[in-house]
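Reviewing the structure listed below.
The values are calculated or read from the model by the stated rules, or taken from the named source; none is laboratory data. Given the structure is predicted, the values throughout are model-derived calculations rather than measurements. Cβ placement follows ideal geometry from the backbone for every residue including glycine, while neighbour counts extend to all protein chains displayed. Heads up: the accessible areas ignore ligands, DNA and RNA and are worked out on the full protein's heavy atoms, side chains in. Shrake-Rupley method; radii C 1.70, N 1.55, O 1.52, S 1.80 Å.
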Amino acid sequence: MSTADITRRRAPYGMEYARIEVPDLAATIEFLQYHVGLQLEQHDDEYAYLRADIEHHSIELISIPHRESAHTVAVGFSVESDEVLEDLRERVTAAGHEVLSLAERMKGLCSRGFAVRDPNGLIVELFTEFQEYAEPPLIELRPLDLVHPFIATDRYDESLEFYTQVLGFMPSDYVGDVTVFLRAEDRYHHSLALQRNKEYYVAHLCFMMKNFDHVMRGRARAQYKQVPIASDLVNHSASTSIAFYMHDPKHGPRYELCDGHRVFTPEEHKTHRARRMAVDPRNIDVWRPAADDWGRF
């Protein structure tokens, strides 16, 4: 192991969940079950937990009936150990950010943890020993994992500094000075992505499916139910995944269903040098034919 790897301060391990406020709880539960393949585990009139694999939940829904559209209020990342969690807390404090408590329900679902607001106001919850189930849901058409959030922000530079310098995420690739893909300790090409924008919003959540056939079955379901496909099949140049995006604003951000998201080897994770790619649609989707073809984005 290199000296640099020994001394590098660790990032969070990987994304576990998003917390989303929705206007119609029952309708969004149905949407996520049918179109994403999540299993409902626990709910009442105020909230619901849905999961993809053995982790306790991938999506937490909060019922806010007066909302016209859904709003993502928090994301949760697991941390490898109490030692890393304490180091993250020290870094957050040293950078002048307020250390917050976990959401009340979350306190009973992990060993230890805390929360912090990113420069956009998004709550980031960090914790150890997230509760698990003994086996995955007995659903054939379901995701294997929640991979990342994609955040559009009018505070791009501040956000990049927060996630890299404070929380320790590592850049995997840049597209110009407008998009960065950041990886955590689970070694996905990116566990979080940032895009320079005129406004802030969580643009999408990415779920990794079992295979490309399941991506296409999800796409067929969206077409059958006439759910808007916000961006059709994309072959990502950075992460190597193939995906499509569906979006009904009542149920959350865009949901990306993907296959083949790149996972770095341990050696690549230590040594990878982020590429600086031109702002060109072919550096987002290798199937785009020309530099002026931005049609799917």
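Just report the Cα centroid separation between segment 253-297 and segment 55-97, whole Å. So the separation of the two Cα centres works out to 25 Å.
Could you rank the peptides 17-23, 244-250 by their average count of other C-beta atoms within 10 Å per residue, with the highest value first?
Numbers: 17-23: 22.1, 244-250: 20.1.
Packing proxy ranking, top to bottom: 17-23, 244-250.
In segment 237-297, a dipole from Cβ-located charges (positive for Lys and Arg, negative for Asp and Glu) runs towards its positive end, and of 257, 278, 241 it is 278 whose Cα lies farthest in that direction. Across segment 1-142, counting alpha-carbon atoms alone, Rg and Dmax equal 16.6, 54 Å.
Whole-percent P(r), segment 157-262, all Cα pairs, 5 Å bins from 0: 2, 12, 20, 22, 19, 14, 7, 3, 0.
Using the alpha carbon gyration tensor of the chain, what are the three equivalent-ellipsoid semi-axes (square root of 5 times each eigenvalue), largest first, in whole Å? Write down the numbers at each step before the final one.
Details: eigenvalues 142, 126, 68 Å².
After scaling each eigenvalue by five and taking roots: 27, 25, 18 Å.
In this structure, the amide hydrogen of residue 112, modeled 1.01 Å from its nitrogen in the peptide plane, lies closer than 5 angstrom to those of 128, counting only residues at least 5 positions away or on a different chain. The sum of -39500 (n - 2.57) across all DSSP H runs of n ≥ 4, divided by the residue count of the chain, sets its helix-only mean residue ellipticity at 222 nm to -5000 deg cm²/dmol.
For segment 124-207, which chymotrypsin sites (Phe, Trp or Tyr not before Pro) pass both filters: DSSP loop (anything but H, G, I, E, B) and at most 15 other C-beta atoms within 10 Å? Intermediate values should be presented prior to the final figure.
On the way: sites: 127, 130, 133, 150, 156, 162, 163, 169, 174, 181, 188, 200, 201, 207; in loops: 130, 133, 169, 200.
Answer in residue order: 133.
Over segment 59-152, with every protein chain in place, what whole percent of the accessible area is carbon and sulfur at 1.4 Å, could you tell me?
Working: 1990 of 4210 Å².
Answer for segment 59-152: carbon and sulfur cover 47 percent of the accessible area.
A convex hull fitted to the Cα coordinates of segment 82-170 yields 131 cubic angstrom per residue. Counting only protein heavy atoms and a 1.4 Å probe, the chain has 45 square angstrom of accessible area per residue. Counting every pair of alpha carbons in segment 10-90, the share spaced more than 16 Å apart comes to 55 percent.
Assuming R0 = 30 Å, can you tell me the calculated FRET efficiency for the pair residue 198 and residue 69, based on Cβ-Cβ distance, to the nearest 0.05?
Numbers: r = 18 Å, r/R0 = 0.62.
About 0.95, to the nearest 0.05.
Under a 5 Å amide H cut-off, with hydrogens placed 1.01 Å from N, residue 287 pairs with 235 among residues at least 5 apart or on other chains.
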